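Accompanying notes for the structure given below.
Since every read-out is calculated from the coordinates, none of them should be taken as a lab result. The structure presented is a predicted model; accordingly, all values stated were derived computationally and were not measured. For neighbour counting, all protein chains shown are included, and Cβ atoms are generated from backbone atoms with ideal geometry for every residue, glycine included.
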Amino acid sequence: MITHSEPVTSAQPVTEKSVIRAGDYLNKLSGEQIEYECKRQLEAGCKELVVNFAETELVNSIGISILLGIIDAASSNGATVVFSDVNETTVELFEMLGLSKHVTIADSAPQLTKIWQNMIIS
Amino acid sequence: MAEHDHKLIHAFGALAELGQEITNKNNFQETIRTSLHLISGAIGIMRGAVARYARFGHELNMLAVRGLGDDFPLSLMLTSEDERQFLTNGLSPIEISQAQALPFFQVHNVSFDKRRLELFVPLVVRDEIVGAIFLGEKATAEPYTKYEKEIICAMGQHIGVAISQRNLMAEIERHAEDNRRMFDEMRSTYHDTVKAFAAAIDCKDKYTEGHSVRVGKFSEIIAMELGWGKDEIEGAAVAGYLHDVGKLTVERKIINAPYRINAKESAELNKHPGVGYDILQPIHHPYTDVPLAAKYHHERLDGRGYPDGLYDREIPFIAKIVTLADSFDAMTTDRPYKARRPAKDVVDDLQKNSGVQFAPELVTAFLAGMLRELKGEDRTKRFRRLLGRDYMEAEGIVDKLKYTLNEMAPTTPMTYIAAAGIGDRSLH
C-alpha cells in the first residue's frame, strides 16, 4: 500500500512506501516539518520514501538542506529515496549539488510506478 | 550556462537570504538554525553545526546541529592554545586534517571522525572569538573547492556578526537589568528615608503621633480616586509624608502646647510651610511637586490661607490634595484641646468648605472612595485601617455620604468663589 502524506505535522499512517508532498513549504524553515514527517516514516519502518515536487516551483538553499537531512536519515535507516515530478531547473540543481547521487529522480507518476515495480522484482 | 555560474548564482541567493535573515529581528535560535540550513544548502553539505563561544566558560556551545547524531558533544571546552590559534587563523576554514592539531579537537577526535567532519571555521569578529562552524562532507563526496571555502567565509562572517550582536544585546540587557535593580533599590531607600522623616516629624508632636504618615496615606487615597498613575500616586503619598517637615525647626513647646497658642507662637508655627519648602527644595525628588505641597498645604481656595494667601488656581494641585488630607486627619483624630469629630460632622464640614477651603473635585473623589469602601465595592479597607472600624461604620454614615455626594455632584470642579462674591484673582 502506498500512502500520500501532506507536509503537515499531524501523524500520517506509516507503510513501507510513503509519498510526501513537498508543496512550497520546502523553502522556509517550516519545511523542517516535512523532514520531521519523513524521519517519522523512516523510523517507523518505511523503506521507500517518495518526495513529490509537483507543487514545488523552486527549491532554495533551505530546501536543499532539508532534503539532505531526509537523504541522511534514509541512509541511516537503510531506506531508498525517490524524488518525483521534479522540474528541469530543480533536477539541474540536484545534480549540481550532488543530491542526485543519493536519490532516484522520477519524472512522473508512471515512471514512479515503474521504479517501484522494478524494486519489487529485484 | 556553465555549472560554475549556476553554483555561483545559487550561492549568491543563499548569501542574500542569509543577510536578510540576520537583519530581520527574528528569534536568535531560529536565525542560527536558518543560517546552518543556508550554508548546507548553498554548497550541498550533508551535516554541520554552529556553536557560540562562551567567553567566561571558555566553551563552544552548540546552537544548531544537523545530521551529527544525538551523541555529538553539545559543549566543547577550549584551551588557551585553542583560543590563540583561532585568533591567529581568523575567520577562515581549517581542514580537519590541520584542525586535529588543536588541543580541543584531540579530545573529541573520535567523535568528529565518526561524523566525517571536513571543515572547521572559527568565527572571529573584531579580533574576538564569537563561535565556530563545523561542516561535514559534501553530497557530491568531493573535497571543498577554494571558491566554496570563500562562500563559507562570507556566510561565516554574517553568522559571526549575528552572534556578536546577540552577545552585545545580552550585555546591554544585563546592564539595563542592573540599572533597573539599582533604581528600585534607590527608590526603596528614598521611600524608607521619607517614611523615617515622617516618623521624625511626628515624634516631635506627641499629640499628633502618626499624623504625617496618615496624611501621606490619605493623599495616596485621593490620588488613587482621581485615577492617577502609579508614580503620581507615590508622589502624592510622599508629598503627604513630608508636608510638615518644616515643623522640625519649630520649638517643641509650641507644637506640644496643650492650650490655644498665642499670636507670637502662632506666627512661629505658621513659618513651617515655608521652612519645609526650603528644606525640600534642594533635594532632587523623583516627584517635582513635593516641596510645593509642603509650602502651600495651608492655603485655601478663598485666599484666606497662608503663607501667601493664594487663590484657587494659584495653588498647586498637589498642595490641594495634601490640604484636604491634612484637614481630614486633623478633624478625625483626637487633639489635646479637641476630641475628634463624628464622621457625619466631618462629611458636613468637607461639603461646607468645598470650594472655599478645599477643591470640590477632591472632596467628591475622597468621599466617593469612602462610600465605595463602606458599600463593600472596594475591599482594600483603606479608610477602616486609618480611622478604625467603629468610626467608619457609624450609624447613618452611608446615607450621609450618598446624600452629600448627590448634592455635590452638580457642581463643577471650578470654584464657588466668584458666585460667593469673594475676589478671585485666579479668574481674571
Per principal axis, largest first, the Cα atoms of region B:274-414 extend in Å by 46, 34, 31
Within the set B:T332, B:T88, B:T189, GNM on chain B using Cα springs under 10 Å gives the largest fluctuation to B:T88
Dividing the mean separation of Cα pairs under 8 Å (6+ apart) by the residue count of chain B yields a relative contact order in percent of 10 percent
What the 5 Å binned alpha carbon P(r) of region B:246-335 shows, as percent of pairs per bin from 0, is 3, 14, 20, 24, 22, 13, 4, 1
Spelling it out for B:V125: with amide H atoms placed in the peptide plane at 1.01 Å from N, the residues 5 or more places away or on another chain with amide H under 5 Å from its amide H are B:V130
Taking a straight Cα-to-Cα line shorter than 18 Å from B:K295, and setting aside same-chain lysines fewer than 8 residues away, one finds B:K247, B:K271, B:K320
Within the protein assembly as shown, the percent of DSSP beta bridges that are antiparallel, given to the nearest 5, stands at 60 percent
Per the charge dipole of the protein assembly as shown (beta-carbon charges, Lys/Arg positive, Asp/Glu negative, Cα centre), the residue among B:Y296, A:L49, B:F112 reaching farthest to the positive end is B:Y296
In whole angstrom, the spacing between the Cα centers of region B:87-131 and region B:148-171 equals 16 Å
Per its Cα gyration tensor (rounded if a/c is under 1.5, else prolate when a/b beats b/c, else oblate), region A:17-93 is best filed as prolate
Cα extents of the protein assembly as shown per principal axis, largest first, Å, are 117, 56, 45
Among A:I70, B:T88, B:V322, the residue whose Cα sits farthest towards the positive end of the charge dipole of the protein assembly as shown, when +1 is placed on the Cβ of each Lys and Arg and -1 on the Cβ of each Asp and Glu, is B:V322
Taking alpha-carbon centroids only, region B:305-321 lies from region B:179-244 a number of Å equal to 20 Å
Largest first and rounded to whole Å, the semi-axes √(5λ) derived from the alpha carbon gyration tensor of chain B read 76, 23, 20
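Dipole size in debye (nearest 20) for chain B around its Cα centre, Lys and Arg Cβ +1, Asp and Glu Cβ -1?
Dipole about the Cα centre, nearest 20: 1300 debye.
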The size of the Cβ-based charge dipole (Lys, Arg +1; Asp, Glu -1) of the protein assembly as shown about the Cα centre, to the nearest 20 debye, is 2280 debye
Any helix of chain B counts here only if DSSP assigns it H throughout, its Cα atoms span 24 Å or more along the axis, and its mean Kyte-Doolittle hydropathy is at least -1.0, and such helices are B:3-23, B:146-204
Shape call for region B:27-132, from the Cα gyration tensor axes a ≥ b ≥ c (a/c under 1.5 means rounded, otherwise prolate when a/b beats b/c, else oblate), comes out rounded
A correct fewest-to-most ranking of A:S61, B:S92, A:S100 by other Cβ atoms within 10 Å would be B:S92, A:S100, A:S61
Farthest towards the positive end of the dipole of region B:1-110, among B:I43, B:L8, B:T23 and with Cβ unit charges of +1 on Lys and Arg and -1 on Asp and Glu, lies the Cα of B:T23
Quick note, region B:185-427: a/c under 1.5 would make it rounded; otherwise a/b > b/c is prolate and the rest oblate (a ≥ b ≥ c, C-alpha gyration tensor); here it is rounded
For A:S84, other-chain or 5+-apart residues with amide H closer than 5 Å (H placed, Pro excluded) are A:V51, A:N52, A:F53, A:A106
Residues B:Y337, B:Y311 in order from fewest to most other beta-carbon atoms within 10 Å are B:Y337, B:Y311
Sorted by chain and number, the residues with a modelled amide H under 5 Å from that of A:V19, at a separation of 5 or more or across chains, are A:T3, A:H4, A:S5, A:V50
The size of the Cβ-based charge dipole (Lys, Arg +1; Asp, Glu -1) of region B:70-138 about the Cα centre, to the nearest 20 debye, is 120 debye
Proxy exposure order for B:F358, B:F218 (fewest C-beta within 10 Å first) is B:F358, B:F218
Partner aspartates and glutamates whose C-alpha sits under 18 Å from that of B:K402, ignoring same-chain residues fewer than 8 away, are B:E225, B:D345, B:D348, B:D349, B:E361, B:E373, B:E377, B:D378, B:E393
